[in-house]
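Note sheet for the following structure.
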Amino acid sequence: MVLKAFFPTCCVSVDSGLLVGRWVPEHSSAVVLAVLHFPFIPIQVKQLLAQVRQASQVGVAVLGTWCHCRQEPEDSLGRFLEGLGAVFPHEPWLQLRRERGGTFWSCAVTHRQAPAAPRAPGEDQVMLIFYDQRQVLLSQLHPPTVLPDRQAGATPASTGGLAAVFDTVARSEVLFHSDRFDEGPVRLSHWQSEGVEASILAELARRASGPVCLLLASLLSLVSAVGACRVFRLWPLSFLGSKLSTCEQLRHRLEHLTLIFSTRKAENSAQLMRKANTVASVLLDVALGLALLSWLHGRSRIGHLADALIPVADHVAEELQHLLQWLMGAPAGLKMNRALDQVLGRFFLYHIHLWISYIHLMSPFVEHILWHVGLSACLGLTVALSLLSDIIALLTFHIYCFYVYGAVLLKIPHGLSSLWRLSGGRNARQRVDSCSYDLDQLFIGTLLFTILLFLLPTTALYYLVFTLLRLLVVAVQGLIHLLVDLINSLPLYSLGLRLCRPYRLAAGVKFRVLQHEAGRPLRLLMQINPLSYSRVMHTYRLPSCGCHPKDSWGALCRKLFFGELIYPWRQRGDKQD
């Protein structure tokens, strides 16, 4: 039988003592958690182990002896350690010895009870595996909480022995609260032997965080209750709330703040990681927003932007007028319907004239609007970007109207298909019917078919031009919403852990051979393999408010071809235009 002994690297140089840990009989593994040093009183040691077992639900016991031969006489120390086996009986009894030079190790397994079957000489072999106790404790490679030690007859959390090792170290954290500076009767060596890591500022912040979080959670609940009032569900306000990206982003940030300041304790590591990623995402968003705010209010940049906005709007309107005048002529040598072309061109030119008048009417207030938009950046860069998307939608509302008009005009010649099916004996529901037409009906149907057929090139050209303009606006809004979605869903805390402390996000382990000699135990070093960056992004990505098109590319092309309206990039399930 091969027995695997997991030994912490922090204990390889400590003084002699007893091995405290857990025996896993299913995998023939001994997980050493600490070394108990002399002097001690056996009854106090048993009381400490009973307290640890009750708090952690882990079967912690004295597994054997640890002998570090530096100055002690080997014979007297060995006989003394062998006598401790009668005080702390455990089956099997593990004996680890590090000889004076520090290079050679010896491991032995003693069975005090007579085995049922005789054992061959050298049958029991020990494989010594060193592990970093701090990394294993802080790693996320932990099995579920339901383990055999917690319920009799329960299914093990993992079939692998490594999962049992990780779970044993994670659940035995209460054992590591004591260090060698404690004045208690028992002195232990483990990864916190030099003193429990703590900070006065961190302790004060932890104690003050409870009342602060309770106060902020109450304020956020009040804000949520005000937002859920029936006044905001009336038609104008509910319509604007469903269309504006800023309102959607503010609701999303309110959910994030509610999660951050919640007094409810995280139940598992996944919830804790999500809260940490949310905190990092909000801090990054606010920091970028404050940087944008300082840049806008420095050197009167808002005034320069306001002075440049009106000329840009006039230039865009002028280019649209040139485009319409080009369409009212002979665009690309195409033969258009002269009467319909002139009517549509003048109709759209009148809309552009109204739009220019509206822009010049708003010109005195542009600087004040931009100042308040820049001030909204203190709520976060995502709020400012969402507000920018809404402003773009407002400034290009005439292009959206042109697109809607072109789509409606394109649907009128679609009566060609109905007339074609009727003349072929099929009605609009694709059913074959027998119907007799008189001469007047055939004449009117043929006349309508001819009129719609010759109007199709003109309406299709107007629709094509305004659809391209609409797609350009939607693409700009889509890029802004993708940037907002990236900031909202970026797991910044997890990426920082992967960069600075990769062992915290473990994908598995690897072993490195330290010593493999005949007559000596095989010594291995267990190292943690971190998750890849792509897997970290996929696993810990935060849920966002959603800025993805609900249609595939094929469905989008079909809608464009048949003149169906394409809605803004950000959309909700119940949104309708």
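What the table below lists for this structure:
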| read-out | value |
| --- | --- |
| Selection from region 476-523 of residues that are open to solvent by 60 Å² or more (accessible area, probe 1.4 Å) and among the aromatic types (Phe, Trp, Tyr) | 493, 511 |
| Pair list, Cβ < 7 Å and 6+ apart or interchain, from region 51-66 residues that are within 16 Å of residue 24 (Cβ to Cβ) and open to solvent by less than 70 Å² (accessible area, probe 1.4 Å) to residues that are aliphatic (A, V, I, L, M) and outside any strand (DSSP E or B) | 56/174; 60/49; 60/52; 60/175; 61/49 |
| Sole exception among (1) in contact with a strand residue (DSSP E or B) (Cβ under 7 Å, 6 or more places away or on another chain); (2) surrounded by fewer than 20 Cβ atoms within 10 Å (Cβ to Cβ); (3) within 19 Å of residue 172 (Cα to Cα) for residue 33, by number | (2) |
| Residue check, residue 291 open to solvent by 50 Å² or more (accessible area, probe 1.4 Å), within 22 Å of residue 385 (Cβ to Cβ) and of a type in the set (Gly, Ala, Ser) | yes |
| Set 299, 338, 274: member being basic (Lys, Arg) and not assigned by the TED database to the domain that holds residue 465 | 274 |
| Elements of type helices (runs of 4 or more DSSP H) in region 165-280, at least 3 residues being open to solvent by less than 50 Å² (accessible area, probe 1.4 Å) and modelled with pLDDT of 70 or more | 200-227, 245-260 |
| Failed item, numbered, when residue 528 is tested on (1) closer than 28 Å to residue 281 by Cα; (2) open to solvent by 60 Å² or more (accessible area, probe 1.4 Å) | (2) |
| Of all residues making up region 58-83, the number that are assigned to a loop (DSSP other than H, G, I, E, B) and at pLDDT 85 or above | 2 |
| Residue 468 being within 30 Å of residue 456 (Cα to Cα) and modelled with pLDDT of 85 or more | yes |
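Residues are listed down the side, and each one gets a yes or a no for (1) surrounded by 13 or more Cβ atoms within 10 Å (Cβ to Cβ); (2) aromatic (Phe, Trp, Tyr):
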| site | (1), (2) |
| --- | --- |
| 284 | yes, no |
| 308 | no, no |
| 337 | yes, no |
| 346 | no, no |
| 350 | no, yes |
| 366 | yes, no |
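The values are calculated or read from the model by the stated rules, or taken from the named source; none is laboratory data. What you are looking at is a predicted structure, and each value in this text was computed from that prediction instead of being measured. Reconstructed Cβ throughout: ideal geometry from the backbone, glycine too, with neighbour counts over all protein chains shown. Heads up: the accessible areas ignore ligands, DNA and RNA and are worked out on the full protein's heavy atoms, side chains in. Shrake-Rupley method; radii C 1.70, N 1.55, O 1.52, S 1.80 Å.
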